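The values are calculated or read from the model by the stated rules, or taken from the named source; none is laboratory data. Keep in mind the model is a prediction, meaning the values are calculated, not measured. Backbone-built Cβ (ideal geometry, glycine too); neighbour counts: all protein chains shown.
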Amino acid sequence: MLMMNLKAGRQLPVIDLLNDDPRKRTGAARHPEKASRPEQPALTKPPWLRVKAPGSALWRETSALLSGVGLTTVCQEAACPNIGSCWEQKHASFMIMGDVCTRACGFCNVATGQPRPLDPSEPGRVAQATRALGLSHVVVTSVDRDDLPDGGANHFAETIRAIQEACPQTSIEILTPDFLKKPGALETVIAAGPDVFNHNLETVPSLYVTVRPGARYFHSLRLLQRGKELKPDIFTKSGLMLGLGETRNEVMQVMDDLRVAGVDFLTLGQYLAPTRRHHPVERFAPPEEFDAWREMALAKGFAYVAASPLTRSSHHAGEDYLRLKSLRASRRPAGDV
């Protein structure tokens with residue numbers, strides 16, 4: 001099967017983007033920092049975490065298009081369980097600044113190592129793919145780039161502006177790293193005018209040393225608060241994973257902290273360990289527990305909450321954005337929207 005390269009017009013073979021990993025072909029380790037760790041016992045996944053394997057005609061079409069413009073998606077790199085359903089609907093979340101991260105988070109499937117230099121053509125290719133997919137809402141995230149003086153903030157801004165120029169009707173959601181020790185980075189990104197600013201806390205403070213060792217909880221919290229201060233009409237969003245070893249009281253405290261920071265939208269999903277050398281899954285929370293968390297979060301004042309075992313930050317992001325806009329337009333007293 002062949003596909004058309006949308007940029008250069010040349011024919012390229014389709015690659016299985018879900019399973020293909022260039023590090024496997026070169027012999028490089030995807031997670032060198034975890035290679036010496038002992039394998040953790042794996043819990044048996046419950047039936048509510050089973051998903052249909054991808055491979056439909058629409059999935060292959062999306063795969064071919066993304067490969068044709070040479071883009072990375074978080075759908076692939078983070079081994080998202082929703083890749084089949086999202087790509088069948090031509091929904092994709094772009095991951096800019098390469099596929100190698102300077103951090104080594106205990107939960108994450110993205111490769112760790114020394115990233116390559118930024119590609120100045122990438123913002124335009126993201127805009128091109130956004131237009132080709134016909135996206136009404138696009139999510140743009142990235143690896144951590146601690147090696148760059150601005151953490152990649154200007155590259156984010158250039159990508160936002162390229163999408164705005166190519167697809168002026170498309171709403172833009174950015175899921176950024178924490179820009180730790182990068183003064184002015186957040187200001188650069190927010191000034192470009194995204195519609196949604198997302199930064200995931202991921203877990204509770206007590207687990208940061210093992211789950212997010214390169215991050216700082218209160219810095220991430222302040223980043224979300226500062227985003228709202230810089231652009232009061234922006235929607236702010238954050239997410240947590242359950243099953244890492246957190247307690248009920250810790251989750252409730254994080255919700256309260258997020259509300260104090262003015263965060264509008266909360267996502268809650270089940271943590272799934274990428275390999276047995278990653279942080280282990282301590283437990284699988286049943287769907288009814290997620291329902292209870294949703295009700296509690298709404299009672300605490302979040303404008304909108306997405307909570308289920310398979311919820312991820314960018315899953316149904318476009319539909320969720322429209323719901324937030326509707327809440328704001330109707331001025332319902334459901335939170336600060």
Those residues that are surrounded by 19 or more Cβ atoms within 10 Å (Cβ to Cβ) and part of a loop (DSSP other than H, G, I, E, B), I need them from the range 149-165; list them, please.
GLY151, GLY152
Inspect all residues belonging to the range 252-273 and state whether any of them is in contact with a Pro (Cβ under 8 Å, 6 or more places away or on another chain), under 22 Å from ARG103 (Cβ atoms) and among the small types (Gly, Ala, Ser).
yes
Note down all Cβ pairs under 9 Å where the first residue falls in the range 205-221 and is in contact (Cβ under 8 Å) with a residue 40 or more places away in the chain and part of a helix (DSSP H, G or I), the second is crowded, with 19+ Cβ neighbours inside 10 Å and small (Gly, Ala, Ser), and they're at least six residues apart or on different chains.
THR210/GLY106; VAL211/GLY106; SER220/SER238; LEU221/SER238; LEU221/ALA261
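Residues checked against (1) at pLDDT below 95; (2) closer than 25 Å to ASN109 by Cα; (3) among the small types (Gly, Ala, Ser):
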residue: THR247; (1), (2), (3): no, yes, no
residue: ARG259; (1), (2), (3): no, no, no
residue: ASP264; (1), (2), (3): no, no, no
residue: LEU268; (1), (2), (3): no, yes, no
residue: LEU272; (1), (2), (3): yes, yes, no
residue: THR275; (1), (2), (3): yes, yes, no
residue: PHE284; (1), (2), (3): no, yes, no
residue: ARG294; (1), (2), (3): no, no, no
residue: PHE302; (1), (2), (3): no, no, no
Count of the range 166-183 residues which are in contact with a Gly (Cβ under 9 Å, 6 or more places away or on another chain), of a type outside the set (Gly, Ala, Ser) and surrounded by fewer than 18 Cβ atoms within 10 Å (Cβ to Cβ)
2
Taking the range 87-134 and keeping only residues that are within 22 Å of ALA162 (Cβ to Cβ), in contact with a Cys (Cβ under 7 Å, 6 or more places away or on another chain) and not basic (Lys, Arg), one is left with ALA92, SER93, ALA127, THR130
